[in-house]
Amino acid sequence: MSIRGIAWFVGLLLLVCTPALADDKPCPKPILSECPKPAGMPNEGSTIGLILNENASAYAAALIAGATEFADEHKLQLKPAAGNAAVQAQAIDDLITAQAFGFAVQSADLEALKPAIDKARGAGLTVISLDSAVPDDLSELPRIAIDDNLDGLQAGEAMVKALPNGGKCMGFVGFSSATNARQRIDGFKQAVDGKGIDLVDVLSDDVDFTRARTNVDDVLVANPDITCMVGFYSYNAPKIHEALQAAGKLGQITVVGFDDDPVTLSAVKDGSFASTIVQQPSQLGYWSMMLMASQRFGDTSGTMFNELILHPLVVNKENAP
């Protein structure tokens, strides 16, 4: 099955396309695959880049798989890289040296990468922001992302549904200062406000998977009154699952996660978790490359779209694949 052909998403995952022109118009098609295509493609053999915060999670693997599918379809060379700002800046320099067509970059701090991004654009590379907040001084960067505030709202609504009598929740996240994390957390808080659910704290792990697990273990010991947990990054829910299973508390604490890691989906399907907010990262990876091409060649709509925002899907026991 094609990465883009997962049947249970079709018709459920919506896309909003915001044009670069002043008058906002919606994408004329509700399904991502039906949105305008680039009017041209990079030459065969061209190098394209995908630069991520990390490459060890199922979410990152899906991003890479989507971009790889695009590269394979058009006979391009994909160069993925992952790491902190210093590693990402070096990866950008490497792409400049390789005379790459362009790259999509996911970063917790695009501001720190601005010098490298400016250098790449000055060298003629096309740059796309991937699932990242764009600072004001990079506001012209084309962007593909998830509606993270809506993600958080839906996670909060799912928790309210699972805990109608309220509860005390602990959240877990990679970078608590990252815009996507803040928006998800704010959306969650907005949804549970006045519903008897208290998000006591959100513990960050800086995308350290060992620390992500330890954070959950520590909460289970130090906070026995916690009745619910939220994993705001894709790998947090699997780490919550590991810790709860080891402590014999799987199914006793209500969990809402993010993304479609196999462990998370399995837990939702068997009822161990209440739900997960799925973002279909393979689509992000694939369409980040499409958006990159459209910035160079235009697209088939005759109107240049420079922002693609995906809306998430709430997966629970009833609709889990």
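The values are calculated or read from the model by the stated rules, or taken from the named source; none is laboratory data. What you see is a predicted model; the values in this text were computed from it and never measured. FYI the Cβ positions are ideal-geometry reconstructions off the backbone, even for glycines, and counts take in every protein chain you see.
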Q | Qualifying residues in the stretch 306-318 (those that are at pLDDT below 90 and not charged (D, E, K, R)) - the one surrounded by the fewest Cβ atoms within 10 Å (Cβ to Cβ) | A | HIS311
Q | Residues of the stretch 163-178 classified as surrounded by 15 or more Cβ atoms within 10 Å (Cβ to Cβ) and within 24 Å of the chain's Cα centre (by Cα), total | A | 9
Q) If only one of PHE188, PHE172 is at negative phi, among the aromatic types (Phe, Trp, Tyr), assigned to a helix (DSSP H, G or I) and touching a strand residue (DSSP E or B) at 6+ places or on another chain (Cβ under 8 Å), which one is it? A) PHE188
Q: Those residues that are within 17 Å of GLY231 (Cα to Cα) and in contact with an Asp or Glu (Cβ under 8 Å, 6 or more places away or on another chain), I need them from the stretch 264-289; list them, please.
A: THR276, ILE277, VAL278, GLN279, GLN280, PRO281
Q) Going by the conditions given, is ASP24 out of contact with any helix residue (DSSP H, G or I) (no Cβ under 9 Å at 6 or more places or on another chain), modelled with pLDDT of 95 or more and either in a helix (DSSP H, G or I) or among the acidic types (Asp, Glu) (or both)? A) no
Q. Which is without any contact (Cβ under 8 Å) to a residue 40 or more places away in the chain, surrounded by 22 or more Cβ atoms within 10 Å (Cβ to Cβ) and among the acidic types (Asp, Glu), of ASP193, ASP205, ASP198, ASP218?
A. ASP205
Q: Determine whether the stretch 293-305 contains at least one residue that is crowded, with 18+ Cβ neighbours inside 10 Å, under 19 Å from the mean Cα position of the chain (by Cα) and touching a residue at least 40 places away in the same chain (Cβ under 8 Å).
A: no
Q | Complete set of residues in the stretch 241-283 that are touching a residue at least 60 places away in the same chain (Cβ under 8 Å), out of contact with any Leu (no Cβ under 7 Å at 6 or more places or on another chain) and within 17 Å of GLY167 (Cα to Cα) | A | VAL256, ALA274, SER275
Q: Kindly provide the set of residues from the stretch 185-219 that are touching an Asp or Glu at 6+ places or on another chain (Cβ under 6 Å) and modelled with pLDDT under 95, ordered by number.
A: VAL207
Q) Given the structure, is LYS161 touching a residue at least 60 places away in the same chain (Cβ under 8 Å), part of a strand (DSSP E or B) and within 30 Å of LEU220 (Cα to Cα)? A) no
Q. With respect to GLY194, is the statement that it is under 24 Å from ASP148 (Cα atoms) and assigned to a strand (DSSP E or B) true?
A. no
Q: For residues that are hydroxyl-bearing (Ser, Thr, Tyr), crowded, with 24+ Cβ neighbours inside 10 Å and at pLDDT 95 or above, tally how many sit in the stretch 266-289.
A: 2
